[in-house]
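Here the structure comes first, spelled out in structure tokens, and everything after it is commentary.
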Amino acid sequence: MIDDTAIGKIIEKYDPTKLAIGTLGSHSSLNIFKGAKEEGFRTVCICKEKDAIIYQKYPLVDELIVVDDFTDLLSPSLQERLCALNVVLIPHGSFTAYLSTEQLTDNLAVPLMGNRRLLHWETNRKSQEAWLRQAGLKLPMTFKSPDDIDRLIIAKLQGARGGRGYFLANSPLDFYKKSEEMIKRGLLTKEDLAYVHLQEYVLGVNAYPSYFSSILNNDVELLAMDRRYESAVDSIGKIPASEQLEINIAPTYTVVGNFPIVLRESLLPEILRMGEHVHRKATELASPGIIGPFCLETVITDDLKIYTFEISARIVAGTNVGIGTSPYAYLRYGENMYMGRRIALELKEAIKQKRLSAVVA
Ligand code: AMP
Ligand code: AMP
């Protein structure tokens with residue numbers, strides 16, 4: 001694992017007056033680059049040729065590095081180039097979707113804003129569950145084997161795939177039948193099945209609060225909230241139940257976008273405390289805890305219980321709904337604050353206080 005000392009040595013050589021903010025060109029990159037520009041940073045984007053149009057239409061990138069594949073980020077020559085450009089990388093969903101945890105912790109020697117040691121806790125479902133439970137959050141029940149299924153469950157694949165390949169089942173038989181169907185439809189592979197995670201399906205509505213953990217201010221801020229727009233599950237209601245039964249639809253959860261939401265104010269105290277507790281527990285697991293953005297994925301039931309089924313200890317794409325502003329960012333900062341800008345602001349403050357090494361790993 002690339003440790004803090006190694007990253008500390010690289011950061012020491014950086015020219016803080018020329019610090020650049022870099023990331024992979026996808027997911028929440030526009031959010032990150034816009035925030036970086038508004039705080040006066042140079043920006044570096046590692047992107048695929050086919051996606052370069054994004055940065056022509058939204059000219060927020062100073063240095064565009066075209067790669068064939070996102071795994072090229074691991075090549076020593078590209079890493080040297082990024083370090084020479086004084087780049088701090090901002091990890092987002094594409095980092096964990098296209099690179100493995102080991103690749104990120106062992107082979108990526110460019111400073112990242114965030115806590116590398118938490119990555120293991122986040123990407124391993126069992127450790128993640130332990131972290132959230134120990135932080136005092138309510139979680140849906142999990143089942144060890146498909147044979148134990150005794151209620152409606154949601155079957156999930158390992159890793160961030162935006163809900164692709166998830167399916168519901170309400171008995172062992174149903175599970176085996178559906179998984180075969182999913183394999184036939186090419187939404188799942190046989191290998192995936194070995195790692196499938198079985199979680200009680202909580203009936204309720206989703207809310208994804210996004211927080212920012214500021215190491216410099218020793219505070220956790222709530223900055224945005226969203227819910228997802230998922231295909232095909234969000235389209236099922238468009239066809240009558242009789243047709244649904246006839247064509248035997250198995251709902252899938254491929255994310256295609258997000259909506260902003262605001263919560264009933266009486267739910268806020270718990271949401272705020274959940275963010276605090278998750279960070280506090282993280283300080284025990286991997287000091288100094290969460291650095292920067294994180295998001296809790298929750299379901300809220302009709303008796304107003306908040307169940308958390310996942311955490312992302314990085315910026316989530318749902319914060320894109322807040323580019324410019326969101327009610328929660330506005331309440332705290334006034335106009336024109338959002339996750340990408342909050343990240344840049346923390347880096348700017350770290351440079352001012354000569355504490356850059358406190359916010360990178
Ligand atoms: P992409 O670069 O679009 O393939 O996204 C990388 C990962 O983040 C994938 O696992 C996506 O499913 C997930 N992701 C991308 N956009 C969103 C979004 N708007 N909301 C939630 N997850 C997303
Ligand atoms: P994810 O990709 O893990 O964020 O989840 C994809 C979809 O599955 C979202 O619509 C979630 O609301 C839904 N989901 C995930 N876990 C649960 C659960 N335990 N109960 C109900 N819905 C869930």
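The values are calculated or read from the model by the stated rules, or taken from the named source; none is laboratory data. Values in this document were obtained by computation on a predicted structure and should not be read as measured data. A quick note on method: Cβ atoms are made from the backbone with ideal geometry, for glycine too, and the neighbour counts reach across all protein chains shown. Quick note on the areas: whole protein, heavy atoms, side chains included, nothing else; ligands and nucleic acids left out. Shrake-Rupley method; radii C 1.70, N 1.55, O 1.52, S 1.80 Å.
Structural remarks
- With all protein chains modelled, accessible area of Met1 [1.4 Å, Å²]: 120
- Whole-angstrom gap from segment 124-195 to segment 274-301, using each part's C-alpha centre: 23
- 11 Å beta-carbon shell around Val44, net charge (K/R +1, D/E -1): 0
- Segment 231-327: trypsin sites (Lys or Arg not before Pro) in DSSP coil with no more than 11 other Cβ atoms inside 10 Å: Arg264
- Rounded to whole Hz, the Karplus (6.51, -1.76, 1.60) HN-Hα couplings of segment 187-195, x for glycine and proline: 8, 8, 10, 4, 5, 4, 4, 5, 10
- Counting only protein heavy atoms and a probe of 1.4 Å, the accessible surface of the chain is 52% carbon and sulfur.
- The chain, Rg to Rh (Cα coordinates; Rh as Kirkwood inverse mean 1/r): 0.97
- Taking amide H as placed 1.01 Å from N in the peptide plane, the amide H of Ala20 sits under 5 Å from that of Val87, Val88, each at least 5 places away or on another chain.
- When both segment 329-361 and segment 43-75 are represented by their alpha-carbon centers, they are found 24 Å apart.
- Calculated on the alpha-carbon coordinates, the convex hull of segment 252-318 measures out at 119 cubic angstrom per residue.
- Translational diffusion of segment 259-361, estimated by Stokes-Einstein from the Kirkwood radius over alpha carbon pairs at 10 °C in a medium of 1.306 mPa s, is 104 µm² per second.
- For peptides 139-148, 220-229, sequence by mean Cβ density within 10 Å, most packed first: 220-229, 139-148
- Residue by residue, segment 311-319 carries 3J(HN,Hα) couplings of 10, 10, 8, 6, 5, 9, 5, x, 6 Hz when phi is fed to the Karplus relation 6.51 cos²θ - 1.76 cosθ + 1.60 (θ = phi - 60°); x denotes Gly or Pro.
- Applied to segment 32-37, the Karplus parametrisation 6.51 cos²θ - 1.76 cosθ + 1.60 on θ = phi - 60° returns per-residue 3J(HN,Hα) values of 5, 5, 4, x, 4, 4 Hz, with x for Gly and Pro.
- Panel note: the C-alpha atoms of segment 164-303, placed on their principal axes, show extents of 56, 34, 27 Å (largest first).
- Compactness of segment 142-200 as Cα Rg over 2.2 N^0.38 Å, two decimals: 1.00
- Average accessible surface for the chain: 47 Å² per residue, computed with a 1.4 Å probe over protein heavy atoms with every protein chain in place.
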